[in-house]
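Colleague: Dumping the structure here so I can ask a few things about it.
The values are calculated or read from the model by the stated rules, or taken from the named source; none is laboratory data. Here the structure is a predicted model, which is why all the values come from computation and not from measurement. For neighbour counting, all protein chains shown are included, and Cβ atoms are generated from backbone atoms with ideal geometry for every residue, glycine included.
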Amino acid sequence: MALIIDGKKISADIKDELKKEVEELQKKGIQITLAVVQVGNDSASSVYVGNKKKACAYVGIHSLAYELPESTSEAELLSLVNKLNQDPAVNGILVQLPLPKHIDENKVIRTISPAKDVDGFHPQSVGALSIGQKGFVSCTPAGIIELLKRSGIAIEGKECVIIGRSNIVGKPMAMLMLRENATVTICHSRTKNLKEVTKRADILIVAIGKAKFITKDYVKDGAVIIDVGMNRDENNKLCGDVDYADVLPKVSAITPVPGGVGPMTIAMLMNNCVQSVR
């Protein structure tokens, strides 16, 4: 019987641990503040921002919300980010992506101070991860490591295949799995004989944005499946990049969608905010 990895429970445990840590910091007069900047009113972004505010309130982190109109210029946004960089009361800065098309996302990410880059997207944060130095780690990959460890799944010496090479999930995920002594292969849209590669995986991490793409033909018996996808199926129901029902009989452990990786991203954002004052 496959272990269904419960991201809701694990993320709640992490938030409870952080809440205690924040209470201890507050007793010493230390307040943690996260500034969240949203440009425009993209509906998915508004949901994420709302969830982040709720998590901050629960853990005891003070959140500042900057909700800017779609027409905000790049210069105005960069000016706000610089102001927050210089504000000693602000520990973490998060600019919600995607940004409107007239704003260069890379320029905005590079403007955020690496010391306040709680999303872990700044080139300095990514560079630190790649050479094994301390720094903020992208929240989704960091959450996946916690899911595996807290579910008692060994990583060291395992063959790990990651499908997807994005800067937000695929690449940092590979670095973190290497840090945990896994043997790592990254696959992408140009990979030849994908099924042959994925069937070697002890741990298969899927982040490609294609609903139910991975079926049992891609999976070896007893594999652990981490599904990062968030899609809608033909009935408009939330589903992942993995055909859950199809692969379930073959695997030893799997994350459901929803309720798997998703809740962990916000838990690890809270962790990074606390990390900023550790």
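Colleague: If GLY259 satisfies every condition in (1) on the phi < 0 side of the Ramachandran plot; (2) part of a loop (DSSP other than H, G, I, E, B); (3) of a type in the set (Gly, Ala, Ser) but one, which is the exception?
Modeller: For GLY259, the exception is condition (1).
Colleague: Do you know which residues across region 11-55 are touching a Pro at 6+ places or on another chain (Cβ under 9 Å) and hydroxyl-bearing (Ser, Thr, Tyr)?
Modeller: Once the filter is applied, which keeps residues that are touching a Pro at 6+ places or on another chain (Cβ under 9 Å) and hydroxyl-bearing (Ser, Thr, Tyr), region 11-55 yields SER11, SER45.
Colleague: Right, here's the next one. Restricting attention to region 138-173, which residues are of a type in the set (A, V, I, L, M) and under 16 Å from VAL224 (Cα atoms)?
Modeller: Those that are of a type in the set (A, V, I, L, M) and under 16 Å from VAL224 (Cα atoms): ILE144, ILE145, LEU147, LEU148, ILE153, ALA154, ILE155, VAL161, ILE162, ILE163, MET173.
Colleague: Among the residues of region 139-151, are any of a type in the set (Ser, Thr, Tyr) and out of contact with any strand residue (DSSP E or B) (no Cβ under 9 Å at 6 or more places or on another chain)?
Modeller: yes
Colleague: Also: If a residue must be of a type in the set (Gly, Ala, Ser) and either outside the structural domain of PHE213 (by TED's automatic domain parsing) or in a helix (DSSP H, G or I) (or both), how many such residues does region 238-253 contain?
Modeller: 1
Colleague: Now for a separate question. Sort out which residues of region 134-160 are within 19 Å of ASP117 (Cβ to Cβ), touching a residue at least 12 places away in the same chain (Cβ under 8 Å) and of a type outside the set (Val, Ile, Thr), and write them in order of number.
Modeller: Answer for region 134-160, where residues must be within 19 Å of ASP117 (Cβ to Cβ), touching a residue at least 12 places away in the same chain (Cβ under 8 Å) and of a type outside the set (Val, Ile, Thr): GLY135, PHE136, SER138, CYS139, PRO141, ALA142, GLY143.
Colleague: Would you please name the residue that is farthest from LYS250 (Cα to Cα), looking only at residues in region 204-229 that are part of a loop (DSSP other than H, G, I, E, B) and basic (Lys, Arg)?
Modeller: That would be LYS210.
Colleague: Looking at ALA211, is it of a type outside the set (Lys, Arg) and touching a residue at least 40 places away in the same chain (Cβ under 8 Å)?
Modeller: no
Colleague: Just the residues that are of a type in the set (Lys, Arg) and either closer than 20 Å to PRO123 by Cβ or not assigned by TED's automatic domain parsing to the domain that holds VAL36 (or both), please, taken from region 69-107.
Modeller: Answer for region 69-107, where residues must be of a type in the set (Lys, Arg) and either closer than 20 Å to PRO123 by Cβ or not assigned by TED's automatic domain parsing to the domain that holds VAL36 (or both): just LYS107.
Colleague: With respect to the numbered conditions (1) farther than 22 Å from HIS188 by Cβ; (2) touching a residue at least 60 places away in the same chain (Cβ under 8 Å), which one is the sole condition not fulfilled by ARG278?
Modeller: (2)
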